[in-house]
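Data block below; observations after.
The values are calculated or read from the model by the stated rules, or taken from the named source; none is laboratory data. If you're wondering where the values come from, they're calculated on a predicted model, not measured in any experiment. Here the Cβ is made from the backbone with ideal geometry for all residues, glycine too, and neighbour counts use every protein chain on show. All accessible areas refer to the heavy atoms of the entire protein, side chains included, with ligands and DNA or RNA removed. Shrake-Rupley method; radii C 1.70, N 1.55, O 1.52, S 1.80 Å.
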Amino acid sequence: MSWAWLLALCAVSYALKAVGPVLAGGRELRPGARPVLDLVAVPLLAGLILIQTLGDGQRLVLDPRAPALVVAGLLVWRRAPFLVVVLAAAATAALLRAAT
């Protein structure tokens, strides 16, 4: 990808971010919209994490990132501190990559 394309995509991204508040104009969300948005955010983020971790274009990839994601998920479930989650997941992936 050339630098021109990259800069054009950056400009479009910033333009879209700037247009949102202008179009909203300080209006409030409908009363039922906030709970729906709160419910949608977590599964959407989880789906993005899974796609980025296990996906490789058209196929499923099971490499050391998958067990690292499982370790991170378990630690988050057990309410471990964020730094512990990140370090444990990174160590899991690193050890598995060194072993294979």
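Per-structure values
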| item | result |
| --- | --- |
| Expected 222 nm ellipticity per residue - DSSP helices of 4 or more, -39500 (n - 2.57), all of the chain, to 500 | -25500 deg cm²/dmol |
| Residues of the chain: accessible area per residue with a 1.4 Å probe, Å² | 85 Å² |
| Area of residue 71 that stays accessible when all protein chains are in place (1.4 Å probe, Å², to 10) | 40 Å² |
| Net length gained if the chain between residue 91 and residue 10 were fully extended (0.36 nm per residue, minus Cα distance) | 25.8 nm |
| Cut-off 14 Å between beta-carbons: net charge of the residues surrounding residue 63, Lys and Arg +1, Asp and Glu -1 | +2 |
| Ratio of Rg to Rh over the range 40-99 (Cα coordinates, Kirkwood Rh, two decimals) | 1.00 |
| Cα-based convex hull volume of the chain per residue, rounded to whole Å³ | 191 Å³ |
| Residue 48 - accessible surface, heavy atoms, 1.4 Å probe, Å² rounded to 10 | 100 Å² |
| Estimated dipole of the chain in Debye, rounded to 20 [Cβ of Lys and Arg +1, of Asp and Glu -1, Cα centre] | 180 debye |
